[in-house]
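K.L.:
Provided herewith is a single structure, encoded as structure tokens, for subsequent inquiry.
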Amino acid sequence: MSDTTPRSGIGRIVGASLIGTTIEWYDFFLYGSAAALVFNTLFFPTADPLVGTLIAFITYAIGFAARPLGGIVFGHFGDKIGRKKLLVLSLLMMGGATFAMGLLPTYDSIGVWAPILLTVLRLVQGFALGGEWGGAVLIVSEHGGDKHRGFWASWPQAGAPGGNLLATGVLSLLAAVQSDAAFQSWGWRIPFLLSGLLVMIGLWIRVSVSESPVFLEAQAKAEAAAAAGVKEEAPVVEVFKRSWREVLSAIGTRFGENISYYILTSFLLVYVTTHLGLSKSTALNAVLIGSAVHFVTIPLWGALSDRIGRRPVTLIGSAGMAIWAFVFFGLVDSKSFVVITLAVTAGLLLHGAMYGPQAAFISEMFDTKVRYSGASMGSQLASILAGALAPIIAVELLKDYGSSTPISIYLCAAAVITTITVAVTRETLGRDLARNRAEQPADEPRPVHAGDPA
């Protein structure tokens, strides 16, 4: 596909995707922050604060468990009926679940039903987010041209720190203007109820975008083939039969990125407040500042990947994170707000190098007719193996060893896995998304893997 999309057109598509992903990640991250700060006592009360936090993070992980199922369902229909319809549905599901969380009675009011209802709503959140990521990055990737795909597709990626920035900012503001007792009693509900307003804004913007032209072209070909009597397999079946190597590459590419992000943000809140005994505002404000820098720099990493390739930029982040894993906690242990903020910001800069090019990199691995399914499955399976378990493993390691060293080793190992994966995956920069891999000329980039013919 050539660079023919009008700048104003791609700008509207990027804006709609960015706002939508920011709102969805706001909803998802809000739970993680609340799990670290209030859910451990309001919904999972135990004598040991770390145990209560661990249980809260287990329900946090349940949201990740639903994401591959969401990826399968949304991916299937996204490859069949289009990206846009599924993006609208995912936004409504996520926002509705988050708004309902803000209305839930606590354990003191209805006993065990409180954590059960909270867990059900978390499953809905995970299911919706499992379908969101693939659709948001694909509708941008498929509207934009080949030359600047890394830059344009990185903007929906910026929705993650944007959502975290929004969630952390609201919580930080409330923590600053409310007493701990007021926040614990009713103040925590405000950010969840705010989601209802945000969803209406996001929905109004998202319904105005046009469907992906690459998808419409592929859909017309599929309809013509069906009329001629050609029977096609379900996208998810075809992905696992013909593109399983690409799925594995997507999982490995996201592995270190996923783990590092949740340790640098969600687990940090636990470490700073429970282990170091510092205030909530110290941790929240450090993440707030780091997320602001993260938001701005992700598109810059994406743009750099358009110049030097997806692999080199990703490797800068993964190799750097493997080293930073041992520096990070040493700086946080200083208990200095300035030093903690620098540690988080530097870590998120390295994370951005992995995350910025990722949307284009993974999109370029798959053909159009299975791209939503393939990208969603690869990314969401990684979320179970990596992001879902990261805060739980980190809290358990802290509880068992009382030290950050095992957590640093865990983070380093995850970054090494991503480094190895990306090192053995061929560059995808320059691929024409309108053509299948089999149609790609021999002199153009084509994604292959270790052991494939060059």
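K.L.:
Filtering region 256-291 down to residues that are open to solvent by 40 Å² or more (accessible area, probe 1.4 Å) and assigned to a helix (DSSP H, G or I), which residue is farthest from Tyr26 (Cα to Cα)?
P.N.:
Among those that are open to solvent by 40 Å² or more (accessible area, probe 1.4 Å) and assigned to a helix (DSSP H, G or I), it is His275.
K.L.:
Now for a different question. Read through the list (1) under 18 Å from the mean Cα position of the chain (by Cα); (2) surrounded by fewer than 24 Cβ atoms within 10 Å (Cβ to Cβ); (3) in contact (Cβ under 8 Å) with a residue 40 or more places away in the chain; (4) within 24 Å of Met200 (Cα to Cα), then give the number of the only condition that Phe28 fails.
P.N.:
The one condition Phe28 does not meet is (2).
K.L.:
Those residues that are in a helix (DSSP H, G or I) and in contact (Cβ under 8 Å) with a residue 40 or more places away in the chain, I need them from region 305-319; list them, please.
P.N.:
Result: Ser305, Asp306, Arg310, Arg311, Val313, Thr314, Leu315, Gly317, Ser318, Ala319.
K.L.:
I'd like the full set of residues that are of a type outside the set (Val, Ile, Thr), in a loop (DSSP other than H, G, I, E, B) and open to solvent by 40 Å² or more (accessible area, probe 1.4 Å), limited to region 161-217.
P.N.:
Listed by number, the residues that qualify are Ser179, Ser208, Ser210.
K.L.:
Any idea which of Lys80, Lys85 is part of a helix (DSSP H, G or I) and touching a residue at least 24 places away in the same chain (Cβ under 8 Å)?
P.N.:
It is Lys80.
K.L.:
Right, Ala128: open to solvent by less than 10 Å² (accessible area, probe 1.4 Å), closer than 19 Å to Leu198 by Cα and under 11 Å from the mean Cα position of the chain (by Cα) or not?
P.N.:
The answer is no for Ala128.
K.L.:
Might you check whether a residue that is in a helix (DSSP H, G or I), more than 25 Å from Ser208 (Cα to Cα) and open to solvent by 10 Å² or more (accessible area, probe 1.4 Å) occurs anywhere in region 90-99?
P.N.:
Within region 90-99, not a single residue is in a helix (DSSP H, G or I), more than 25 Å from Ser208 (Cα to Cα) and open to solvent by 10 Å² or more (accessible area, probe 1.4 Å).
K.L.:
Can we say Val287 is under 22 Å from Phe361 (Cβ atoms), under 22 Å from the mean Cα position of the chain (by Cα) and among the β-branched types (Val, Ile, Thr)?
P.N.:
no
K.L.:
Does Leu331 fit the bill of being out of contact with any Ser or Thr (no Cβ under 8 Å at 6 or more places or on another chain), in a helix (DSSP H, G or I) and either over 20 Å from Tyr262 (Cα atoms) or at pLDDT below 95 (or both)?
P.N.:
no
K.L.:
Hey, could you check region 392-409 for residues that are aliphatic (A, V, I, L, M) and open to solvent by less than 20 Å² (accessible area, probe 1.4 Å) and say which is modelled with the highest pLDDT?
P.N.:
The extreme case among them is Ile407.
K.L.:
Give just the number: which of (1) within 16 Å of the chain's Cα centre (by Cα); (2) within 18 Å of Val137 (Cα to Cα) does Leu350 not satisfy?
P.N.:
Single failed check for Leu350: (2).
K.L.:
Which of (1) open to solvent by 60 Å² or more (accessible area, probe 1.4 Å); (2) of a type in the set (Val, Ile, Thr); (3) part of a loop (DSSP other than H, G, I, E, B) does Val237 not meet, given it meets every other one?
P.N.:
(3)
The values are calculated or read from the model by the stated rules, or taken from the named source; none is laboratory data. Quick caveat: nothing in here was measured; it's all calculated off a predicted structure. All Cβ positions, even for glycine, are placed from backbone atoms using ideal geometry, and neighbour counts span all protein chains on display. Only protein heavy atoms, including side chains, enter the accessible area calculation; ligands, DNA and RNA are left aside. Shrake-Rupley method; radii C 1.70, N 1.55, O 1.52, S 1.80 Å.
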